[in-house]
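The values are calculated or read from the model by the stated rules, or taken from the named source; none is laboratory data. In this text, all values refer to a predicted model and were calculated from it rather than measured experimentally. Don't worry about glycine lacking a Cβ; one is built from the backbone with ideal geometry, like all the others, and counts go over all protein chains shown. The area values use the complete protein model at the heavy-atom level, side chains included, leaving out ligands, DNA and RNA. Shrake-Rupley method; radii C 1.70, N 1.55, O 1.52, S 1.80 Å.
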Amino acid sequence: MEENEVNYKELIINALEAREKAYCPYSNFKVGAAVLFEDGKIYTGSNIENASFGGTNCAERTAIFKGVHEGNREIKAVAVVGDTNAYTYPCGICRQVIAEFVVDKNVPIIIIKNENDYIVKTFEEILPGVFSKKDLKG
Ligand code: THU
């Protein structure tokens, strides 16, 4: 999707704001995400950690689950920002969860360093050869 169809700046600002809500006492690594769905709304999320580390939920999945719970099934864009002077890409688990709902393989994944410095990849670029519902029988 081109920038004229998706407002990258709005997603970036939402992801940066969401990052401040992170609950990350173990890693102290705040992550924020903003996901645009087919209802036209941006759902935001942050990472939510747990003393049992495996119970941690990433920012991207927090945002995706909020949107899906509200009835959405089609992701149009994803933005993510970490907490270092580097580009934070979605982890492997989040890429697979994004795969479940991306409207097509060209969905933009906006990987943010700061408000003025970001990279845009297509979903296919960050997860080629995806296994998804199309591969299941029935
Ligand atoms: N984290 C995310 O929220 N998203 C990612 O894509 C990468 C990792 C979080 C999980 C954990 O709370 C912290 O970053 C350190 O791994």
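Cβ separations smaller than 6 Å between residues 6+ apart or across chains give the following pairs from segment 54-67 residues that are closer than 10 Å to residue 31 by Cβ and within 8 Å of the ligand (Cβ to nearest atom) to residues that are open to solvent by less than 30 Å² (accessible area, probe 1.4 Å) and in a helix (DSSP H, G or I): 58/94; 60/94. Test residue 72 against the stated conditions and say whether it is over 19 Å from residue 121 (Cα atoms) and within 12 Å of the ligand (Cβ to nearest atom). No.
Here residue 34 clears all of (1) over 20 Å from residue 82 (Cβ atoms); (2) at pLDDT 95 or above except the condition numbered (1).
Listed by position, the helices (runs of 4 or more DSSP H) inside segment 48-138 whose residues that are open to solvent by 80 Å² or more (accessible area, probe 1.4 Å) number at least 3 are 59-69. Condition test on residue 11, is it surrounded by 15 or more Cβ atoms within 10 Å (Cβ to Cβ) and in a helix (DSSP H, G or I)? Yes; evaluated as a whole, the condition is true for this residue.
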